[in-house]
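Below is one structure, written out as structure tokens; the observations come after it.
The values are calculated or read from the model by the stated rules, or taken from the named source; none is laboratory data. Because the structure is a prediction, the values reported are computed rather than measured. Virtual Cβ from ideal backbone geometry, glycine too; neighbours counted across all protein chains shown.
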Amino acid sequence: MTRKINIFDTTLRDGEQSPGASMNTEEKLVIAQQLLRMNVDVIEAGFPISSPGDFRSVQEIGRLAGDDAVVVGLTRAVDKDIDRAAEALKTAKRPRIHTGLGVSPQHLQEKLRITEDECIERAIHCVKYAKKYVDDVEFYAEDAGRADQKFLERVIQAAVDAGATVVNIPDTTGYQMPDDFGARIKGLCDNVRGIENVTISVHTHNDLGMATALALAGVKNGATQIECTINGLGERAGNTALEEVVMAIKMHGDELDAHTGIVTQELTRASHLVSRITGMNVQANKAIVGSNAFAHSSGIHQDGVLKARDTYEILDPADVGAAGSEIILSARSGHAALKHRLAELGYTFPDNEFDEIYQRFLEIADQKKEVYDEDLESM
């Protein structure tokens, strides 16, 4: 049996940090219901100290989730943040406090202005302080992707020794190459005592377009939790897209020694819901859930798909809740696609007449980007 990879959804926290994607509590509850239908393992519901709205969102999602998912409140490594998160999480049956601080030279020297030893002290304190409230404490080492590896191992060792149940290794700026990030996770597995008893989480960003590859490299090297968002929402270029890592694991589970418990048939519904609520449109060629993900315009591709879907589709659209493959008629479409669509409309022609029909079709197609059913009817 392959390893179970927990899916930690942060659409309602990190995803909401996309400019223009702010959500109120009622909207967050609607999305949380969909996340539960998808069987997400962990829902990061908000940052309770940041606003009354986030505090209420964490409270209400805690009530909603019951035993079905862990509910998380984010904090800085600050006592008052942790106090506020603990208060918000009182409604949750499976609460988790997610606390931590930056560990890269950029964060230590320029943002926090503390030494490495002071960082270790803060890490130990915030984990122990959170453990007074909940048993499940996740420690994040922000900007771990740019941290010194030996120092990162020291920080994670301190967090594990202090009682962290999950350690989150974020490539906060999407900086690393996948192989290097994988080696970073393996280094932690090899050198941190007791890490085999905690969950290793990866939280990767898409600044260089590699968030999914980074997350999968983490899994391949020992991580058992991925932090991600619907449609890849998130700061700057966004987070790892939930739908991408889930389907990649489904397709390459044996190679990765991994599986998830996600109900993949709900992915398209979730994508449309988040897009509608946030007003953030999904690009047409977005993997898995884009409107063109299962659409074919090239005549060569159309001919292949009509003969056998898997000639050009590695995924069955039904597996992600999509309506099905779509043949787009354009000037690049061939005879096979046109015959197929005309037959669906109830028209068939002998081969010796079809060339004339096809030439008439091309005249229309040259004038339009896409030829629709009404164009065929009028033709």
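Observations
- Being in a loop (DSSP other than H, G, I, E, B) and over 16 Å from the mean Cα position of the chain (by Cα) is a condition met by at least one residue of region 38-50.
- Lone qualifier among K286, K220, K250, K307 - being surrounded by fewer than 24 Cβ atoms within 10 Å (Cβ to Cβ), out of contact with any His (no Cβ under 7 Å at 6 or more places or on another chain), closer than 23 Å to Q17 by Cβ and not acidic (D, E): K286
- As a summary of the residue check, F55 satisfies the conditions (1) in contact with an Asp or Glu (Cβ under 9 Å, 6 or more places away or on another chain); (2) touching a residue at least 40 places away in the same chain (Cβ under 8 Å) except for the one numbered (2).
- Against the list (1) farther than 21 Å from I97 by Cα; (2) over 22 Å from the mean Cα position of the chain (by Cα), the condition I185 fails is (2).
- Of the set (1) surrounded by 24 or more Cβ atoms within 10 Å (Cβ to Cβ); (2) more than 24 Å from I288 (Cβ to Cβ), all apply to K186 but (1).
- Number of residues in region 51-102 that are outside any strand (DSSP E or B) and closer than 19 Å to N6 by Cα: the value is 10.
- Some residue of region 104-113 being farther than 20 Å from R236 by Cβ, at pLDDT 95 or above, within 27 Å of the chain's Cα centre (by Cα) and not polar (S, T, N, Q): no
- Failed item in (1) modelled with pLDDT of 95 or more; (2) at negative phi; (3) in contact with a helix residue (DSSP H, G or I) (Cβ under 9 Å, 6 or more places away or on another chain), with A21 passing the rest: (1)
- Criterion: assigned by TED's automatic domain parsing to the domain that holds D83, under 12 Å from R13 (Cα atoms), of a type in the set (S, T, Y) and surrounded by fewer than 16 Cβ atoms within 10 Å (Cβ to Cβ) - qualifying residue of S50, S57: S50
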